[in-house]
Amino acid sequence: MTTTREPAPALGRREMLRWSWRQLTSMRTALILLLLLAIAAVPGSLVPQSGVDARAVETYRLDHPALAPWLDRLGAFSVYTSPWFSAIYLLLMVSLVGCIVPRSIVYAKAVRARPPKAPKNFDRLPASATFETSASVDDVLVAGRRAVGRARIDVVDSADGGEVRAESGHLRETGNLIFHISVVLVLVGVAVGALYGYRGSAIVTEGDGFSNTLTQYDDFGSGALFDPDDLPPFSMQVDAVDARFQMSGPQRGAPRLFAARGEYEPSPGLNPRPFDIRVNHPLKVGGTSVFLVGQGYAPVVKVTDAEGDVAFEDAVPFLPSDGTYTSTGVVKVPDARPEGLGFQGFFLPTAVSTGEKEAPVSVFPAAANPLVGLFVYRGDLGVDDGTPQSVFVLDKDDLTQEMNDDGSPFRVSLSPGQVADLPGGGTIQLVGVKQFARLQISSSPLVQLPLIAIAAGVLGLILSLSIKPRRTWIRAQRKPGGQGSRTVVEVAVLDRVPRGDLPSDLDDFLKRLHDELRDEERA
């Protein structure tokens, strides 16, 4: 006769929700989500992020025109604010909280509970021993209590003897809870910083200033809950930028010092205060930090148009592109008459000619022999049509490049103080060279919380790995026999977390117990 099993009834909505919650709040799910979060963060290290370096993102788009649109669809340029990363982040936080709360309740009950009663048969435990002694039951119990040391201890007397019940190692679970809570605090600290923080960058040339308003930033990014009206109203004036490089040896040209000096006003109306910003030594204004993240050169260019008027005279930042600070940039002169002028080219801090037909190159990052090379364009620069433009890009759609008689592009090369005539009238002069500081201005609320939580998590992990949760029982009974009777002592230990050192620990405990009994007998 064959029997058929009835299929299990389908889970109702309530049972399904309960099962799903238990799966989500299990430790296995939390570990899987933590691993997924670590894997999801990898693209943020491989692909430039728009919230960190918008220029690097634009450069990546230009260098990878086929791949960039697909990465954009996947949110690879803003990994940490993408929907899929946020989903893993929130699920991990819910999983950890759902795991911590019930464990905390169980732990609170365990801390208040008394040590459990001794089992009847010690031989069934993994480590136990029995011996006889001439000491009384009371002496055995006193010695046993001292031998156990720091633990929660109960001493129970009975008609024919007594027992010592001890339980230690509750700090192991404390360490586990501290570790899990610290992970949640790290997630909370990072989330609050991402939602309420902001980060932006600005290039400030020597002699110029910066006010902490949106219009002063070259690029700016903030959290979803950040209000631009909350920007601290400080301002600063950069008086000098100092850059020093290794002059000789294998590391010739390596940077040795970057510094920006000047004065800042924490708030309008307050007296200016001096600052000296160096790498990893930011200026702190309230909850905002101003970092020095880069340095470069800003040639001071003077342009006179065909009518003899000075149409432009200012320092123009050129962005470095390699270790010798070979830099590229543009100069826009929309007010030149009769038509606008545009210049695009390079700046060499220490220019050296390698041959008559070869273009000069820079051999050192310091401005020992500065040289500017510029191609000339005429026409409408497109700055008056209302469309935003980058100051580092020249829109050539409505421009005509000046050419030599042989059909090659016309180029001017200028050292400081030199003046060159422009085709069609006008001149251009390299007045001098200034330096600029690239500043990163950022604010991240609760920025110290993740650091404190990580330190606490490491401490909790050490506690959970080093402390042994152990139960110890000592049972003493007077052996019947009238005069000269002896006391039978039974000892057992049990680890709640299995370890291989339990027998040797029992031997050490028996030695301590015998020593305490001898001291008790001598007393």
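The values are calculated or read from the model by the stated rules, or taken from the named source; none is laboratory data. Every value quoted in this text rests on a predicted model; they were computed, and no experiment measured them. Neighbour counts are summed over all protein chains in view; Cβ atoms, including those assigned to glycine, are modelled from backbone coordinates with ideal geometry. Keep in mind that these areas ignore ligands, DNA and RNA; they rest on the heavy atoms of the full protein, side chains included. Shrake-Rupley method; radii C 1.70, N 1.55, O 1.52, S 1.80 Å.
Along the positive direction of the dipole of segment 84-203 (beta-carbon charges: Lys, Arg +1; Asp, Glu -1; about the Cα centre), which of A129, I100, P116 reaches farthest?
I100
Once you have the Cα-Cα distance between S86 and V42, take 0.36 nm times their residue separation minus that, and quote the gain in nm to one decimal. Could the numbers behind the result be given before it?
On the way: separation 44, 0.36 × 44 = 15.84 nm, distance 1.45 nm.
Extra length from S86 to V42 when fully extended: 14.4 nm.
Using a basic spin-label model with each label point 7 Å from the Cα along Cα→Cβ, how many nm lie between D63 and A254?
Here the answer is 2.4 nm between the modelled labels.
Rank N176, A456, L31 by how far each Cα sits towards the positive end of the charge dipole of the chain (+1 on Lys, Arg Cβ; -1 on Asp, Glu Cβ) and give me just the farthest.
Of the listed residues, the answer is N176.
Once R0 is set to 60 Å, what does the formula 1/(1 + (r/R0)^6) return for the Cβ-Cβ distance between S158 and V97, expressed as a FRET efficiency to the nearest 0.05?
Efficiency computed from Cβ-Cβ geometry: 0.85.
Largest first and in whole Å, what are the equivalent-ellipsoid semi-axes of segment 181-317 based on the Cα gyration tensor, each being the root of 5 times an eigenvalue?
33, 23, 16
Mind checking the angle between helix 170-196 and the chain's longest principal axis? C-alpha axes, 0 to 90 degrees, to the nearest 10.
Approximately 20 degrees, to the nearest ten.
For the peptides 147-158, 12-23, what is the packing order when you average, over each peptide's residues, the other Cβ atoms within 10 Å and list the highest mean first?
Result, highest mean Cβ count within 10 Å first: 147-158, 12-23.
Would you rank I105, I100 by solvent-accessible area, highest first, keeping every protein chain in place and using a 1.4 Å probe?
Values: I105 90, I100 20 Å².
Ranked list, largest accessible area first: I105, I100.
Please report, as a whole percent, how much of the solvent-accessible surface of segment 321-368 comes from carbon and sulfur atoms (probe radius 1.4 Å).
51
Relative to the longest principal axis of the chain, what angle (0 to 90°, nearest 10) does the C-alpha long axis of helix 448-466 take?
The angle comes out at about 30 degrees.
Candidates [x] 72, 57, 47; [y] 76, 51, 45; [z] 130, 73, 53; which is the computed Cα extents along the principal axes in Å?
Identified label for the calculated read-out: [z].
Could you check the simple spin-label distance between T400 and D505, using points 7 Å along Cα→Cβ, in nm with one decimal?
Placing both labels 7 Å along Cα→Cβ, they lie 9.1 nm apart.
Going highest first, how would you order 172-180, 36-44, 457-465 by mean Cβ packing within 10 Å?
Taking the mean over residues of other Cβ atoms within 10 Å, the ranking is 172-180, 457-465, 36-44.
In debye to the nearest 20, how big a dipole does segment 418-523 give about its Cα centre with +1 on each Lys and Arg Cβ and -1 on each Asp and Glu Cβ?
So the magnitude is around 360 debye.
So what is the calculated 222 nm ellipticity per residue for the chain, using -39500 (n - 2.57) for each DSSP H run with n of 4 or more, over all residues, to the nearest 500 deg cm²/dmol? Please report the intermediate quantities before stating the final value.
Working: 10 runs with 156 residues, N = 523.
So the calculated ellipticity at 222 nm is -10000 deg cm²/dmol.
Counting heavy atoms of the protein chains only and a 1.4 Å probe, report the per residue accessible area for the chain as a whole number of Å².
56
Any chance you could run the full-extension gain for V458 through K302? It's 0.36 nm times the residue separation minus the Cα-Cα distance, nm to one decimal.
Answer, rounded to one decimal: 50.2 nm.
Can you count the Lys pairs in the chain whose Cα atoms are under 23 Å apart, with each pair 8 or more apart or on different chains?
For the chain, the number of qualifying lysine pairs is 12.
Using a 7 Å offset from the Cα along the Cα-to-Cβ direction at both F131 and A191, what is the distance between the two label points in nm, to one decimal?
5.7
Taking the 0 to 90 degree range and rounding to the nearest ten, how far is the long axis of helix 83-112 tilted relative to the main principal axis of the chain, both from C-alpha atoms?
On a 0 to 90 degree scale, this one is about 30.
Let's test the formula: R0 of 45 Å, r as the Cβ-Cβ distance of D123 and A10. What FRET efficiency results, to the nearest 0.05?
Numbers: r = 48 Å, r/R0 = 1.07.
With R0 = 45 Å, the Cβ-Cβ based efficiency is 0.40.
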